[in-house]
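Have a look at the structure below before the remarks.
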Amino acid sequence: MPKKEFTRRQVLLTGAASAAAVALPGIGFAINQENLRKMEPKLVRVPDANDIAKAIAGTAKVGIQAKTHEEHLKLWQGYANKTNEIRKALAELDTDPAKANQIYSQMRALKVNYAFAYGGYINHNVYFETLGGGGGPATGDVATLINETYGSFEKWAADWKATGIAGRGWAYLGYDQEEQRVWSYMGDSQDTFPAWNNTLLLAMDVYEHAYYLDFQTARAKYIDAYMQVIDWNAVNARLKKARG
Ligand SMILES: [Fe+2]
């Protein structure tokens, strides 16, 4: 009789199912162990050279060179790849609650780092989507919302620049779905999100990898350059989508 071969996934799922039979009855409903096998991870698209083409074409005039974006793309791809890797790992993870632990456990490691990976992916999606435009004062409905919150574009711009200098990683312009207005937030890391119920309209990367090749440690000069090449049409498109 031939020996039966099991894939790693089958072994993990078998382990999860048998553990669940012991651990999960406490949650108050009957467990169909087959349902523990059904999670299929949806994967994000990994960005490529096409995704930085607009930035390369649009930022040379302000001193941000192609090499900066080409190196940046590698980091962006890393966030996408790690997002996918963690999604796959979570789909296969033994979810026995007895094995979860707040000091260290696979569940903790995956969930904490998932927020960092997916956060970094989204942050860079928006950074490159809204970079490489004509800059200048905001246009369209975004301009209206900026004026409603900040009184003038100049006030918003001063607040934005100061936010970018005070932050350790990001400045974010969010559209608050509850209050239906915009607000500039600060992000110290890939996973420090502004607040719930905000849709990200504009994201300015202020990690040194975004500007060191061009401006060394002079972040203020980078921000001045960046603000000349914001693509407000892309920001308005994101706002339109956010409002539905
Ligand atoms: Fe970055």
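Quick notes on this one:
- Once region 88-110 is narrowed to residues that are more than 21 Å from the chain's Cα centre (by Cα), touching a residue at least 24 places away in the same chain (Cβ under 8 Å) and in a helix (DSSP H, G or I), the residue that is farthest from the ligand (Cβ to nearest atom) is 98.
- Extreme residue, nearest to residue 244 (Cα to Cα), among residues of region 174-185 that are of a type in the set (S, T, N, Q) and in contact with a strand residue (DSSP E or B) (Cβ under 7 Å, 6 or more places away or on another chain): 177
- When restricted to residues that are part of a loop (DSSP other than H, G, I, E, B) and closer than 19 Å to residue 117 by Cα, region 175-209 contains 11.
- Only one entry in 125, 113, 84 is buried (at least 16 other Cβ atoms within 10 Å of the Cβ), part of a helix (DSSP H, G or I), touching a strand residue (DSSP E or B) at 6+ places or on another chain (Cβ under 9 Å) and not β-branched (Val, Ile, Thr), namely 125.
- Matching option when the condition is farther than 25 Å from residue 173 by Cβ and either more than 16 Å from the ligand (Cβ to nearest atom) or modelled with pLDDT of 95 or more (or both), among 54, 82, 61: 82
- Annotation note: of 191, 141, the sole residue that is of a type in the set (D, E, K, R) and farther than 26 Å from residue 75 by Cα is 141.
- Yes/no for residue 183 being in contact with an Asp or Glu (Cβ under 8 Å, 6 or more places away or on another chain) and aromatic (Phe, Trp, Tyr): yes
- Within region 179-237, the set of residues being more than 27 Å from residue 83 (Cα to Cα) and touching a Pro at 6+ places or on another chain (Cβ under 9 Å) comprises 183, 232.
- Restricting 125, 50 to residues that are free of Cβ contacts under 8 Å to residues at least 12 places away in the same chain and within 25 Å of residue 231 (Cβ to Cβ) narrows the list to 50.
- Test: residue in region 186-209 that is under 19 Å from residue 163 (Cα atoms), out of contact with any strand residue (DSSP E or B) (no Cβ under 6 Å at 6 or more places or on another chain), in contact (Cβ under 8 Å) with a residue 40 or more places away in the chain and more than 16 Å from the ligand (Cβ to nearest atom): no
- Check on residue 161, surrounded by fewer than 15 Cβ atoms within 10 Å (Cβ to Cβ) and part of a helix (DSSP H, G or I): no
- Taken over region 210-228, the residue count meeting the criterion of being within 16 Å of the ligand (Cβ to nearest atom), more than 30 Å from residue 113 (Cα to Cα) and in a loop (DSSP other than H, G, I, E, B) is 0.
The values are calculated or read from the model by the stated rules, or taken from the named source; none is laboratory data. Here the structure is a predicted model, which is why all the values come from computation and not from measurement. All Cβ positions, even for glycine, are placed from backbone atoms using ideal geometry, and neighbour counts span all protein chains on display.
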